[in-house]
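> This is the structure I have questions about; it appears just below.
Values in this text are rule-based calculations from the coordinates and carry no lab data. Note that the structure is a prediction, hence the values are computed from the model and not measured. No Cβ is skipped: glycine too gets one built from the backbone with ideal geometry, and neighbour counts run over all protein chains shown.
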Amino acid sequence: MTTHYLILSALLFAIGGIGVLIRRNAIVVFMCVELMLNACNLAFVTFARQHGNIEGQVIAFFVMIVAAAEVVVGLAIIVTIFRTRRSASVDDASLLKY
Amino acid sequence: MNTITAPAIEYLQLAPLLIVFGAGILGVLVEAFAPRYLRRAMHIPLTLLSLAGAFALVIVQTIKGVPTKPSAMGAVAVDGPTLFIWGTILVLAFISLLLLNDEDHFVPAASAVPGSAEEERALIEGNVHTEVYPLALFAIGGMLLFPASNDLLIMFVALEVMSLPLYLLCGLARRRRLLSQESAMKYFLLGAFSSAFFLYGTALLYGYAGSVDLAKISTALSANVGQDALLFTGAALLGVGLLFKIGAAPFQAWKPDVYQGAPTPVTALMASGTLVAAFGALLRVFWVAIGELDWDWSPIMWGVAILTMVVGAILAITQTDIKRMLAYSSIAHAGFLLVGVVAIGDAKQNATALAAILFYLAVYGIASIGAFAIVTMVRDAGGEAWHLSRWAGLGKRSPKLAGLFAFFLLAFAGIPLTSGFFGKYAVFQAAVAGGAVQLVVVGVVASAVAAFFYVRVIVLMFFNDPAPDGPTVVLPSWGTASVVGFAALATVVLGVFPQPVLDLAQSAAGSLFVR
């Protein structure tokens, strides 16, 4: 049954989404985003199986590449801000507001 | 034994994209192999020539006739609207790059901690991050691909190719580096969050239709009944991702922070190019893939349009920072453009609305680059003078500059004889024809509120006394001067004599999006 995989994917996506909203460390927030992307991958391969076509599996590869590129850019930004502020908390960086 | 057939790729149609991406890759090679002192001299012609070449190819394609079917095996649609959007983005990108090309906008060593000895040394040695040129080219390439993509996978990849370089560029400001780094982090985390929504929406629509091709999703709408949960959730998540990119309320929170913290030339590129690209993609998804569902999505889009206009116009009044004010004004303009997106109907109505949106995007993009170019020229000791109180009396000290800025603000407000008037008029007229009269009423009221804060800045500049230690207006480089000159000229000409560009937009929109 593919339904279970879809439910798992939705759960992972929700956990990732909630994590982005409630966690305070930029690295952890970012990992939660990656979790959401992996939930998407699970959904893609499940639907590929359900439809019996290969498109979804190919898309999963693309998503992995994009996620890897995102890690490079994201970690560069987070590390720079950590070196400046000695903290990776998203609450500390609060000069821009209102 | 199975043979693999090579895909048919229409290289000529895709040439503008290939040139921009190719130049980006060459730029990376220049960074890798050319000596430091030569890099800038190599990047500038490479970047500007590739954009000009791509623009020339767009014109060639337009003259040769608009293709009637998607190219690259249905992955990229080079149709009338795409060609108009490509032309617009390339012009906007070219003038943004002239602005970006100006020295001293970017940090000498991005990895050095602000205020450290390392940074000091890099400043003295006169280091520059010439990486900004290839980064900008990749972002522009992504902007070109995003509205042209005919399936959701290509659209997702284009979204990331457009966004990732912009996240980095945001963090590279030379002054006020803490603000710049903060804006990069906020943009990155929120942007990645929103693209995860886009991707999950894509996954659900793939599950619904068995394909990510926009046309196949559209045909599946009539074939698959009884799977509405997948379809509606997917479309909603996709919408969240796209509305985030255009900065529509309630997904607008990133825009003021990012526009303020980013180096001003990068802000100009984002305020013009990204907005045009994201609107192209939004239109393609909502009109091509789920256009048949307009009864279901247009009430929501009504709400989003109203909220965006109201939030943008009202919050802009409370701003004391010029860049934040322009960011909120950009949110309000996104709302005015959404009024056009809602005005969907039969083919003729769609063509009118589409032409109006295309024209609006072009004129708004040019005026906003002009306004941001002026922001780069008004300086304090610590960099650009952002606080509005610093702009008091600027009209008495440098009447030309303040006059040009006032002119751009009037164009944003949509005063007759500026290009903004015809943009707004065209969109509202299309919306009235599409039956969205109430929405237009809200739009007109929001425009009036917006006009208030634009005029307030003009009053501040011309009728207040300048502070004794007021900001200085730097003599612009030829690049900045030509950007301001071009933007002002385009705003006047399109305000007095808009017909050629309106005709162009109409003929581009006439064929609508290919499927």
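> Between their Cα atoms, which of B:396/B:424; B:245/B:424; A:97/B:424; B:323/B:424; B:64/B:245 are more than 25 Å away from each other?
B:396/B:424; A:97/B:424; B:64/B:245
> Further question on the same structure: When only C-alpha pairs under 8 Å and at least 6 residues apart count, what is the relative contact order of the stretch B:119-263, in percent?
After rounding, I find 26 percent.
> Same structure again: 5 Å is the cut-off here: which amide hydrogens, built 1.01 Å from N in the peptide plane, fall below it relative to residue B:321, excluding neighbours closer than 5 in sequence?
For residue B:321, the qualifying residues are B:388.
> Averaging sequence separations of C-alpha pairs under 8 Å and six or more residues apart, then dividing by the length of chain B, give the relative contact order as a whole percent.
Averaging sequence separation for qualifying contacts and normalising by length gives 16 percent for chain B.
> What list of ³J(HN,Hα) couplings, whole Hz, do you get for the stretch B:272-278 from phi and the Karplus terms 6.51, -1.76, 1.60, once you set θ to phi - 60° and write x for glycine and proline?
Those phi angles translate into 9, x, 4, 5, 4, 4, 5 Hz.
> Summarise the partner chain shielding of B:410-423 as one whole number: the mean count of Cβ atoms from other chains within 10 Å of each residue's Cβ.
So the per-residue partner count for this stretch is 0.
> Quick one: dipole size for chain A, taken about the Cα centre, charges +1 on Lys/Arg Cβ and -1 on Asp/Glu Cβ, in debye to the nearest 20.
For this selection, approximately 340 debye.
> Considering the dipole of the stretch B:15-146 built from charges on the beta carbon (Lys and Arg +1, Asp and Glu -1) around the Cα centre, which of B:108, B:62, B:145 is farthest to its positive end?
Ranked along the dipole, the leading option is B:62.
> Hey, another quick one. Roughly how big is chain B's charge dipole about its Cα centre, with Cβ charges of +1 (Lys, Arg) and -1 (Asp, Glu), in debye to the nearest 20?
660
> Would you list, by chain and number, the lysines whose Cα falls below 18 Å from the Cα of residue B:216, excluding same-chain residues fewer than 8 positions away?
B:69
> Just from its helices, what would the mean residue ellipticity at 222 nm be for chain B, if runs of 4 or more DSSP H residues each count -39500 (n - 2.57) and the sum is divided by every residue, rounded to the nearest 500 deg cm²/dmol?
Value at 222 nm, helices only: -24500 deg cm²/dmol.
> Remind me, relative contact order of the stretch A:3-87 in percent, using alpha carbon pairs under 8 angstrom and six or more residues apart?
In percent, rounded to a whole number, it is 25.
> Could you tell me how many degrees, from 0 to 90 and to the nearest 10, lie between the Cα long axis of helix B:399-413 and the main elongation axis, the longest principal axis, of the Cα atoms of chain B?
Roughly 20 degrees between the two axes.
> With r as the distance between the Cβ atoms of residue B:464 and residue B:6 and R0 = 51 Å, compute the FRET efficiency 1/(1 + (r/R0)^6) and round to 0.05.
FRET efficiency, residue B:6 to residue B:464: 0.15.
> Exposure proxy check: B:472, B:480, B:308 ranked by fewest other beta carbons within 10 Å?
B:472, B:480, B:308
> Residues with amide H under 5 Å of residue A:89's amide H, sequence separation 5 or more or different chain, H placed in the peptide plane at 1.01 Å from N; which?
A:26
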